[in-house]
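**Q** My structure is below; once you've seen it, I'll send some questions.
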Amino acid sequence: MSKKEYYTQNREKIAAKLENGSMLIIFSGVAPVKRGDEFYPYAPQRNFLYSTGIERPNLAYIQKKDDEGKTKETLYLERFDELVAKWDGAALDADAAKEISGIENYAYIDELYGHVAAAFVGRMEKIRTVYLDLENRSLTAPNTPELDFAKLLREKFPDVTVKNAHPIFASARLIKSPEEIEHLQKAADITGQAFLAMLRNTRPGMMEYELEAHLDYTYKKNGCRDRAFRSIVAAGKNACVLHYGDNDSPIADGDLILTDFGAQWKWYSADISRTFPANGKFSPRQKELYNIVLGGMKLVMGMIKPGVVFKQLQESLKEYYVKRLTEIGLIKDKEELGKYYYHGVSHMLGLETHDVGNDKDLVLAEGMVFTVEPGLYVAEEGIGVRIEDDVLVTADGYRNLTGSIIKEVDEIEEFMAQNG
């Protein structure tokens, strides 16, 4: 399947969910200002990317669906500016945009507001509903272009209904296509290389950021434009902070090092965690806790198949932990488990590291991709363990996309002994 056929197919999935007499507007986003005239790196709005395949800022896509269910789509591009082209590169031209997206009609982004307003003035197009991606995870975060546009529409055309397109995209993106699975596997394979590079170079006395550098180098060497998220390299007690990201502490002999990291390939994320000893050898206590976590991972993995309710994975892991941690005397009853395990065991994975579709009542289906990441954090002993893999639900079970990345105690110790 060609690129434009793939993205045309994606848009058709979305169109099928829109009401008749509606308009969908998706913006590609812009890079936020860092300081002065410096900007953060641009990353495309993922639903725009899913719809068009285009990775350029300050663009928009509109799809109209009339009362008979027929659709018309337009891609809004930037005009060519000779000065901008000299400094930052030329704007994407219409032919190139068509070749990527398969969208035949185009206009310019400075025409967007006028074209949208024209759809409502006189009601010639009978547009009653406007869909915008209104996902918002924080009351204090800056507004997205979609949130600002929704506010403007409600002020200027109060009789038009504004609806959230995000659930429609979330449903479409939940089941991964063969093309998406290929990208996710590539990201997983590069992530595995990065882990082995880190293991080869681990020595007591290093700084956490020195190990992080081996991850970043491997990503770039393999053609990744970025990592999937900020890497965690947490030695000793730092591993008990779930989103530790300073990565600036020394690594002591005897420390366990918890790493959570992933490559990004064509905007698709890998996300794994591995925990290993700085000196290449687990202590008896480290091994005991590590193998409990690994046993929890194997329990959860064994449950994965179509028809299983997503939340049951977490519930079963917690039941297992209560039994095992009571046996070793770490806790007395289930009420104490939250002291040592305080996150979910899975999240969806795809175009975002914490991808759309995280619903505890979700029923697993073929084509879903998510993480399995049990952990234990014993702060009073300076031990944190997390082991995480990326799995694809198949017709009769699952495929572990990161299953080739070593995680058994003897595998890790042997590799570190032979490559130290």
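**Q** Could you put Lys332, Lys220 in order, starting from the residue whose Cβ has the fewest other Cβ atoms within 10 Å? If you can, show how the numbers build up before the last one.
**A** Numbers: Lys332 9, Lys220 13.
Ordered from fewest to most neighbouring Cβ atoms within 10 Å, Lys332, Lys220 come out as Lys332, Lys220.
**Q** Work from the charge dipole of the chain (Cβ charges, +1 for Lys and Arg, -1 for Asp and Glu, about the Cα centre) and give the residue of Gly102, Val130, Met348 farthest towards its positive end.
**A** Val130
**Q** Another question, if that's okay. Two decimals is fine: what is log10 I(q)/I(0) at q = 0.13, 0.15 Å⁻¹ for segment 175-419, from a Debye sum with one equal scatterer on every Cα and no solvent?
**A** One equal scatterer on each Cα of segment 175-419 leads to -0.77, -1.03.
**Q** Moving to a separate point now. Once both axes come from the Cα atoms, what is the angle between helix 409-419 and the longest principal axis of the chain, in degrees from 0 to 90, rounded to 10?
**A** 90
**Q** I would also like to ask the following. In whole Hz and in residue order, list the ³J(HN,Hα) couplings for segment 86-91 that follow from phi through the Karplus curve 6.51 cos²θ - 1.76 cosθ + 1.60, θ = phi - 60°; x for Gly and Pro.
**A** 3J(HN,Hα) across segment 86-91, in whole Hz: 5, 8, 10, x, 6, 5.
**Q** For the chain, what is the charge dipole size about the Cα centre, in debye to the nearest 20, if Lys and Arg each add +1 at the Cβ and Asp and Glu each add -1 at the Cβ? Numbers along the way, then the final one.
**A** Working: 53 positive and 66 negative charges, 118 e Å.
Magnitude of the dipole: close to 560 debye.
**Q** Calculate one ³J(HN,Hα) per residue across segment 51-60 by plugging θ = phi - 60° into the Karplus curve 6.51 cos²θ - 1.76 cosθ + 1.60, and present them in order as whole Hz with x for glycine and proline.
**A** So the J values, rounded to whole Hz, are 7, 10, x, 9, 10, 10, x, 6, 10, 8.
**Q** Can you tell me the order of 136-149, 402-415, 289-302, 255-268 when each peptide is scored by its average per-residue count of other Cβ atoms within 10 angstrom, highest first? Write down the numbers at each step before the final one.
**A** Values: 136-149: 12.2, 402-415: 15.9, 289-302: 18.6, 255-268: 24.6.
Per-residue Cβ counts within 10 Å, averaged per peptide and sorted highest first, yield 255-268, 289-302, 402-415, 136-149.
**Q** What would the Debye formula give as log10 I(q)/I(0) at q = 0.11, 0.18, 0.19 Å⁻¹ for the alpha-carbon point model of segment 295-418, no solvent?
**A** Log10 I(q)/I(0), no solvent term: -0.42, -1.03, -1.11.
**Q** Using alpha-carbon positions, what is the distance between the centroids of segment 111-190 and segment 34-94, in Å?
**A** Measuring centre to centre over Cα atoms gives 14 Å.
**Q** At a Cα cut-off below 17 Å, give the lysines reachable from Lys360, other chains included and same-chain residues fewer than 8 away excluded.
**A** Lys305, Lys311, Lys318
**Q** What is the list of residues in segment 221-240 whose amide nitrogen lies under 16 Å from a point 7 angstrom out from the Cα of Arg137, following Cα to Cβ?
**A** The answer is 228-232, whose backbone nitrogens lie closer than 16 Å to the label point.
**Q** Checking the a/c ratio against 1.5 first, then a/b against b/c, what shape does the Cα gyration tensor give for segment 91-217? Each step should come with its number before you reach the end.
**A** Working: a/c = 2.83, a/b = 2.16, b/c = 1.31.
Judged from the Cα gyration tensor, segment 91-217 comes out prolate (a/c at least 1.5, a/b above b/c).
**Q** Across bins of 5 angstrom width beginning at 0, how are the C-alpha pair distances of segment 1-126 distributed, in whole percent?
**A** 2, 10, 18, 22, 20, 14, 8, 4, 2, 0
**Q** Follow-up. List, largest first, the extents of the alpha carbons of the chain along their principal axes, each in whole Å.
**A** Sorted from largest, the Cα extents of the chain read 76, 49, 41 Å.
**Q** Right, here's the next one. Which links in Lys13/Lys126; Lys4/Lys86; Lys72/Lys266; Lys98/Lys126; Lys186/Lys221; Lys70/Lys151 stretch past 19 Å when you go from one Cα to the other? Don't skip to the answer; put the middle values down first.
**A** Details: Lys13/Lys126 23 Å; Lys4/Lys86 29 Å; Lys72/Lys266 28 Å; Lys98/Lys126 28 Å; Lys186/Lys221 14 Å; Lys70/Lys151 28 Å.
Check vs 19 Å cut-off fails for Lys13/Lys126; Lys4/Lys86; Lys72/Lys266; Lys98/Lys126; Lys70/Lys151.
**Q** So how long is each side of segment 201-253 along the principal axes, counting just the alpha-carbon atoms, biggest first, in Å?
**A** Over segment 201-253, Cα extents along the principal axes are 33, 23, 11 Å.
**Q** Output ³J(HN,Hα) for segment 215-229: one whole-Hz value per residue in order, computed from phi by the Karplus curve 6.51 cos²θ - 1.76 cosθ + 1.60 with θ = phi - 60°, and x for Gly and Pro.
**A** Whole-Hz 3J(HN,Hα) from phi for segment 215-229: 4, 4, 4, 5, 4, 5, 4, 9, x, 6, 6, 7, 7, 5, 6.
**Q** Take the cross-link list Lys298/Lys334; Lys65/Lys163; Lys34/Lys237; Lys287/Lys334 and give me the ones stretching past 26 Å between alpha-carbons. Please list the in-between numbers first.
**A** Working: Lys298/Lys334 21 Å; Lys65/Lys163 14 Å; Lys34/Lys237 32 Å; Lys287/Lys334 23 Å.
Those over the limit are Lys34/Lys237.
**Q** Right, here's the next one. Report, to the nearest 10°, how far helix 3-15 tilts away from the longest principal axis of the Cα atoms in the chain, using its own Cα long axis and a range of 0 to 90°.
**A** Around 80 degrees separate the two axes.
FYI, it's all coordinate maths here, none of it is from the lab. In this text the structure is predicted, and so the values were computed from the model without any measurement. Methodologically, a virtual Cβ is constructed for each residue, glycine included, from the backbone with ideal geometry; neighbour enumeration extends over all protein chains shown.
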